[in-house]
Amino acid sequence: MRITDIIWKERSVAKLADKHDVSVIEVEEVLFSKPVVRKMARGHVRGEDVYAALGRVRNGRYLIVFFIDKKRGVAMPISARNMAPAERKYYAKHTKES
């Protein structure tokens, strides 16, 4: 999956900063790189499923970004946080970091 554009909702941006201490720049860095992406759930709107993108940002932080695939390369982030140990293991297994 290639992401070329991001739709930001104010509520999501506030949640990222306040609850998870994740910046918009970090989320964009993960989504615009080549993250490990996996489908998490079927969306409430037909064809708009929820995915998780796992990636490492330049500052070394390992993040998981949850987003809605709005199709045609457009993602709408809904949350992001540090990866849990099991997620880091999954990420390493699916990248050259293993």
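Only a single item in (1) touching a residue at least 24 places away in the same chain (Cβ under 8 Å); (2) on the phi < 0 side of the Ramachandran plot is not met by ALA84, and it is number (1). Restricting attention to the stretch 72-97, the residues that are in a strand (DSSP E or B) and farther than 17 Å from MET1 by Cα total 5. One residue is enough: does the stretch 42-56 have a residue meeting the conditions part of a loop (DSSP other than H, G, I, E, B) and either at pLDDT 95 or above or closer than 12 Å to ASN82 by Cβ (or both)? No; the residues of the stretch 42-56 include none that is part of a loop (DSSP other than H, G, I, E, B) and either at pLDDT 95 or above or closer than 12 Å to ASN82 by Cβ (or both). Restricting attention to the stretch 16-39, which residues are in a helix (DSSP H, G or I), more than 15 Å from GLU87 (Cβ to Cβ) and either of a type outside the set (A, V, I, L, M) or free of Cβ contacts under 8 Å to residues at least 24 places away in the same chain (or both)? Selection gives ALA17, ASP18, LYS19, VAL24, ILE25, GLU26, GLU28, GLU29, PHE32.
Residues of the stretch 1-15 that are of a type in the set (D, E, K, R), surrounded by fewer than 11 Cβ atoms within 10 Å (Cβ to Cβ) and in contact (Cβ under 8 Å) with a residue 40 or more places away in the chain: ARG2 alone.
The values are calculated or read from the model by the stated rules, or taken from the named source; none is laboratory data. Just so we're clear, the structure is a prediction, and the values are computed from it rather than from any experiment. Cβ: placed from backbone, ideal geometry, glycine included. Neighbour counts: every protein chain shown.
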